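Before any comments, here is the structure.
Just so it is clear, none of the values below were taken in a lab; they were calculated from the coordinates. The shown structure was predicted, so the numbers you read here are calculated from the model rather than taken from an experiment. Don't worry about glycine lacking a Cβ; one is built from the backbone with ideal geometry, like all the others, and counts go over all protein chains shown.
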Amino acid sequence: MVYEAYESISVDVSDGVATITFHRPEKYNALSTEVYFDLARAFAEIQLDRDIDVTVITGEGEDAFCAGADIEQYAGPSEEHDPRQKDRQEFFYEDVYKRVYNLHCPVIAKINGYCVGGGLILAAFCDLRIAVDDAKFGVPVTDIGQIPGGGSTHRVTQLIGEAKTKELVYTAGMADADEADDIGFVNHVVPREDLDETVDDIVDAIQNTGRQAVKNSKRAINYSAETADPEAAHEFESEVWWEQFATQERIDLVDEFNEN
């Protein structure tokens, strides 16, 4: 697989790890339409590359992971925006976020600064979120007269609960890294100098387990999180359990465990 010729991101693949980096530091790595196109292609290519065990997403520089949408594209009265085009765009943006959520491998948001608006939504659809201790989080879209999109009203509420989601959205408020940790949005908060090592350690831990087992666990957990039917979740879990049980990976790891 060749990962190149992107406009505003890079994709580097090494030893089973794909690292996606936003390259718009002068715009706080904001999400323009072009960035979404790049991300859609990157996730499609990673989805085809089953040798990738983990994907890491981060932003260039030390200011921002991603500061959300490029607000210039929303300027002007509604008459200047084709509603059919806006609908198509919104569905496309949500599709990009869902590609992250449904990617065959775990996705880690390596949050090195502001994680705001669309950046927070993107991080929410990742599997794990590791943040520097001076990161800031928020969805301040009501400040520009809009509401959250991209499926975020469901996904963020899943992660941090209805009350906190409403507070952050209604007030266009911002949370610091400690609060993001307290409300369960991030997995770890670390000093900036420890960010690389912390993420590398988590990647190593994932790669030192049954890699197909991790990917199948993601399928089962995601299905359970998305369905309101516990019985359907149990049936799907059972189906994936037996699928994993039939793998050579399971046979080899059980034999290795028993030998030790």
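Quick look at the numbers
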{"item": "Under 14 Å from the Lys166 label point (7 Å along Cα→beta-carbon), backbone N, segment 121-154", "result": "none"}
{"item": "Pair Asp204, Phe257: separation of 7 Å Cα→Cβ label points (nm)", "result": "2.3"}
{"item": "Neighbour-count ranking [beta-carbon atoms within 10 angstrom, fewest first] of Phe257, Phe43, Phe91", "result": "Phe257, Phe91, Phe43"}
{"item": "Which of Leu122, Ser10, Thr153, positive extreme of dipole for the chain (C-beta unit charges)", "result": "Thr153"}
{"item": "Lysine pairs with alpha-carbon atoms under 29 Å apart, the chain, spacing 8 or more or separate chains", "result": "26"}
{"item": "The chain - percent relative contact order, Cα under 8 Å, separation 6 or more", "result": "15"}
{"item": "Segment 89-215 - percent relative contact order, Cα under 8 Å, separation 6 or more", "result": "27"}
{"item": "Gln158 paired with Asp182, simple spin-label distance in nm, labels 7 Å along Cα-to-beta-carbon", "result": "2.6"}
{"item": "Mean Cβ count within 10 Å, highest first, over the residues of peptides 193-205, 175-187", "result": "175-187, 193-205"}
{"item": "Interchain or long-range residues, amide H under 5 Å from Val190's placed H", "result": "Ala131, Val132, Asp133"}
